[in-house]
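Report on one structure; see the data block that follows.
The values are calculated or read from the model by the stated rules, or taken from the named source; none is laboratory data. All values reported here derive from a predicted model rather than from experimental measurement. Neighbour counts are summed over all protein chains in view; Cβ atoms, including those assigned to glycine, are modelled from backbone coordinates with ideal geometry. Quick note on the areas: whole protein, heavy atoms, side chains included, nothing else; ligands and nucleic acids left out. Shrake-Rupley method; radii C 1.70, N 1.55, O 1.52, S 1.80 Å.
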Amino acid sequence: MFFSSRAAIWCLLSLLCLTNLKTAFAQQWSGASPSRSRVGGGISVTVQGVGFSTTPGNSYRCKFTANGQTEQSTLVAAQDANTVVCVTPQWTHGNADSILGIVDQANLPVPKQGGGTLTFQFRAPQLSVPASINYVMQNCNETANAMTFHANVSHAIETISLELKNVTSSLPGLVVNAPSASNAHSIQLSWFPDLSLPWNVSTSIVIVIGESGQAEPDLATMTVPINVEAPPEMIAPSPQHGQEFVVPVGETLNIILAAEGNGLAFQ
């Protein structure tokens, strides 16, 4: 039996198409580990599957989508027919539970084995502080208790350590006790008013924490508004402040005290 050249070409093309279709439908991915990353990216994610092509020129990437935002890793060649290793991109949209997808060099999706989706988390450092602090002093020279509060630090990825990066405040003599870098810890901040130094009634403390050991660490910044009762300023009962006056022994002297905007020494 003889075939025409047209029939032979059709047969050959059919075989090639069938082979490509079988290859396309054969490749699937089933899971990925780990399933979370720092928002700064740079975490290696191992994707397991079957049928990944190792032919030169073929490559894959991970695609992350959440809340209408999409980021994707750079293209990489499959390590073998069952493994692709993606490196997470920078995720600039805050904490998110994204949907992970795998696409090839033509941006065609690789189907997930068994259907469904896989949730991939992006997480930033967490910093918890009081919403605000109202520090009420006692009688001028009898203040006994310092203003004290804690900043709590943590990260959802257990292997990431966090450390204090910076504290900014106009309060004179603010004491900061920060432990060494770790995943979860508490930073203590305390302040005891020095009546010889001025401070603002309304001020704030800005705290910055970040990842330890990263060239470009993810950061978290929080501002704590502080309201401080300033010590009273002594006002002499005369037109001139600081004017000297003589009071006989045994007589009563009434002194007017007025709260001012800045802390002043009580003489």
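Consider the stretch 37-56 and keep the residues that are part of a loop (DSSP other than H, G, I, E, B) and at negative phi. The one that is most open to solvent (accessible area, probe 1.4 Å) is 56. Among the residues of the stretch 192-230, the ones that are open to solvent by 70 Å² or more (accessible area, probe 1.4 Å) and within 30 Å of residue 160 (Cα to Cα) come to 8 in all. Applying the condition of being in a loop (DSSP other than H, G, I, E, B) and in contact with a Ser or Thr (Cβ under 6 Å, 6 or more places away or on another chain) to the stretch 122-170 and asking which residue is modelled with the highest pLDDT yields 161. Considering only residues that are open to solvent by less than 30 Å² (accessible area, probe 1.4 Å), hydrophobic (A, V, I, L, M, F, W, C) and over 17 Å from residue 94 (Cβ atoms), look in the stretch 57-78 and name the one that is farthest from the chain's Cα centre (by Cα). Taking the candidates together, the pick is 78. In summary, residue 102 fulfils each of the numbered conditions (1) in contact with a Ser or Thr (Cβ under 9 Å, 6 or more places away or on another chain); (2) surrounded by 13 or more Cβ atoms within 10 Å (Cβ to Cβ); (3) within 15 Å of residue 65 (Cβ to Cβ) with the single exception of condition (1).
Against the conditions (1) in contact (Cβ under 8 Å) with a residue 40 or more places away in the chain; (2) open to solvent by less than 50 Å² (accessible area, probe 1.4 Å), residue 92 satisfies every one except (2). Looking at 161, 73, 132, can you tell me which residue is without any contact (Cβ under 8 Å) to a residue 40 or more places away in the chain and among the hydroxyl-bearing types (Ser, Thr, Tyr)? Going through 161, 73, 132 in turn, just one is without any contact (Cβ under 8 Å) to a residue 40 or more places away in the chain and among the hydroxyl-bearing types (Ser, Thr, Tyr): 73.
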